[in-house]
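K.L.:
The structure that follows is given in the form of C-alpha cells.
Only the coordinates and a few stated rules stand behind these numbers; no lab work does. What you see is a predicted model; the values in this text were computed from it and never measured. Because the Cβ atoms are built from the backbone with ideal geometry, glycine has one as well, and the counts that use them run over all protein chains shown.
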Amino acid sequence: MNNNELIARSNRVFINTYSRYPVAMVEGEGCRLKDADGREYLDFLAGIAVCSLGHCHPAVTEAIREQAGRLLHVSNLYHTVPQTELAELLIANSFADRIFMCNSGAEANEAAIKLARKYSPAGKYEIISLEGSFHGRTLAAVTATGQPRFHEGFEPLPEGFVYAPFGDLGVLENLISAQTCAILCEPLQGEGGVRPLAREYLAGIRALCDKHQLLLIFDEVQVGMGRTGSLFAYEQLGIVPDIITLAKALANGLPIGALLTTEAVAAAFTPGSHASTFGGNPVVCAAGKVVVETMLADGFLDGVKAKGKYLAGKLAGLASRYPKIAGEVRGMGLIQGLLLTPEYVARGAEIVNKLFEAGILANFAGNVALRFLPPLIVTEEEIDRLAEALDEIFGEIS
Ligand SMILES: *Cc1c(COP(=O)(O)O)cnc(C)c1O
C-alpha cells in the first residue's frame, strides 16, 4: 500500500487531533526513515527527541526481542529484573535516590504534581510554572503548561496553577503565596521555541525555592537523556532540582516516563499513593537500560556536545548569510533552534515544508524557531546536508 492509500485509511478512522505530514512511514534505520512510496528522509526530529540512538538501534531492538521472549508484563504487583536494573542505573547517575516509573511525559509530570502536593504541608498545593512552557496534555499537565492556547475549551481547569512571565525573578517571587508548594520548569523550553533559561535565572529560581521552602521540579522530558550533551541538562547548569521528570528518549521509542527525586521527598508517597499498571514494564525497561548504558559509554556524550556545536555553527553561518530570514541560534547540545526574523516568522511552516520536500524532517517550534532534534548519532556529513538544504531554501525565498 502506498502513501495515499494509507493516509486515506488513517484519515477515515482517527479523531482529527494531528495535522500530519502527507506521508506514512514504514521503516527506519539510524537517522533515516523510509515512507510507503519508498522515499527516504533524513530525520532531524527523531520522533520529537525520542529516537536518540537512531531508529531501530540494533542493541535496543535486540534487548526488546530478548525480553519480549522472556517476560512481557506482570504489573507493579511484582518486582522485575529489567525495571530494577534501569532504576539503579538512573539513580547511580543522577542526584536522585528514588524513582517512580510511568508511561509518558505527561504522566511523569502528573506524578510530580501529586508528589509535590503530598509532600508539602497541608494547605500548600499551588504550582508555579512559566509562560511558554509545555508539560503535556493530560488535564493537570496541560494546566501546568503556560500556554493558554492549550487550555481553550477544556475549562474548568484544575485549581492550583499559577504562571510566571519568562525570565523575571521579581515577579516570580511576588507570585509565591502561602499556598505555593513547587516551581515547575523546563531547563530549556522545547515546544516553547528552544528557549534556554539562563543559568543565573535558574540559580535565582533555586534560591527562591530554598528561601520559601518550595520544591524545584525540572521537566527534563525533552532535554533529558543525553540530548544536551550530559545525561541530564541540570548537570551542565550546576543547579540541582528536587524532582526531575523524564520520558521521550528514555527507551528510544518505547513509551516510558519516570520521576526521580530525593529520599526525603519520595517518602511522601506510600503504598497506594500513586500507581501505574504498565509503568516500568520489563520490555520498555530492557530498552531503557541499553539507552542509558550506550549514552554513558566513553565519548558518547562528548560527541553530542561536539556535534551540537557543529550544528549550531552551521546554523549561525546561515543566519549571517541570510540576516533578513534568520537571527539567533539557541539551544544546548543537539537541541538547536534557529529563530526566524519578524519578517519571515510567518513562513516557518513553509520552510519546514520545503525541507520536507527536500527529504529532511524538522519542525517549527513555538511559532518562532526552526527546531532541530536529530538522533544523537547524527554525523557531521548529515548536518552538512541539512545546512545545504537550508541554504538552498533560504536562497530561494529571500
Ligand atoms: C513532550 C513533552 C511532554 C509530554 O510528554 P508526552 O509523552 O507527550 O506526554 C512534557 N514535557 C515536555 C518538556 C515535553 O517536551
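K.L.:
Within the P(r) computed for the chain, what percentage of the Cα pairs occupies the region above 32 Å?
P.N.:
More than 32 Å apart: 35 percent of the Cα pairs in the chain.
K.L.:
State log₁₀ I(q)/I(0) for region 60-296 at q = 0.08 Å⁻¹ as given by the Debye formula over alpha-carbon point scatterers of equal weight, solvent excluded.
P.N.:
-0.28
K.L.:
Then there is this: Want the number for Ser398 to Glu159: 0.36 nm per residue separation, take away the alpha-carbon distance, what's left?
P.N.:
Using 0.36 nm per residue and subtracting the Cα-Cα distance, I get 81.3 nm.
K.L.:
While we're looking at this one, here's another question. R0 = 30 Å: FRET efficiency of Arg347 with Glu200, Cβ-based, nearest 0.05?
P.N.:
Given R0 = 30 Å and the Cβ-Cβ separation, E is 0.35.
K.L.:
Right, something else. How far, in nm, would the chain grow between Asp384 and Glu357 when pulled straight, counting 0.36 nm per residue and subtracting the alpha carbon separation?
P.N.:
Taking 0.36 nm per residue and subtracting the Cα distance, the gain is 8.0 nm.
K.L.:
Give me P(r) over region 210-269, computed from all C-alpha to C-alpha distances, binned every 10 Å, as integer percentages.
P.N.:
All Cα pairs considered, the percentages come to 22, 49, 26, 3.
K.L.:
Among Leu373, Leu237, Leu259, which one moves the most in a GNM of the chain with springs linking Cα atoms closer than 10 Å?
P.N.:
Leu237
K.L.:
So what is the relative contact order of region 255-398, in percent, for Cα pairs below 8 Å that sit 6 or more residues apart?
P.N.:
Computed value for region 255-398: 19 percent relative contact order.
K.L.:
Ok, one more. Take Val13 and Val74, extend 7 Å from each Cα along the Cα→Cβ direction, and tell me the distance between the two endpoints in nm.
P.N.:
Placing both labels 7 Å beyond Cα along the Cβ direction yields 3.4 nm.
K.L.:
With respect to the cross-link table entries Lys289/Lys354; Lys118/Lys289; Lys34/Lys248, which display a Cα-Cα separation exceeding 27 Å?
P.N.:
Result: Lys289/Lys354; Lys118/Lys289 exceed 27 Å.
K.L.:
Starting from the Cα of Lys305, draw a straight line to each of the lysines and keep only those under 17 Å, dropping any in the same chain fewer than 8 residues away.
P.N.:
Lys314
K.L.:
Cut-off 19 Å, label point 7 angstrom out along Cα-to-Cβ of Glu85: give me the residues of region 284-323 whose amide nitrogen falls inside.
P.N.:
Of the residues in region 284-323, 284-298 have backbone N under 19 Å from the label point off Glu85.
K.L.:
So for the pair Phe95, Lys309, with labels modelled 7 Å out along Cα→Cβ, what separation do we get in nm?
P.N.:
2.6
K.L.:
Provide, as a two-decimal number, the C-alpha radius of gyration of region 135-203 over 2.2 N^0.38 Å, N being how many residues it has.
P.N.:
In units of the globular-protein estimate, region 135-203 measures up at 1.16.
K.L.:
In region 106-169, what chymotrypsin sites (Phe, Trp or Tyr not before Pro) fall in a loop by DSSP, with at most 14 other Cβ atoms inside 10 Å?
P.N.:
Phe154
K.L.:
Run the helix sum for the chain: -39,500 (n - 2.57) per DSSP H stretch of 4+ residues, divided by residue count, reported at 222 nm to the nearest 500 deg cm²/dmol.
P.N.:
Using -39500 (n - 2.57) per qualifying helix, the result is -11500 deg cm²/dmol.
K.L.:
Report the full-extension gain for the segment Asp302 to Arg20: residue separation times 0.36 nm, less the Cα-Cα distance, to one decimal in nm.
P.N.:
Extra length from Asp302 to Arg20 when fully extended: 98.1 nm.
K.L.:
May I pose another question? Taking R0 as 22 Å, what FRET efficiency do you get between Thr277 and Glu66 from their Cβ-Cβ distance, rounded to the nearest 0.05?
P.N.:
0.45
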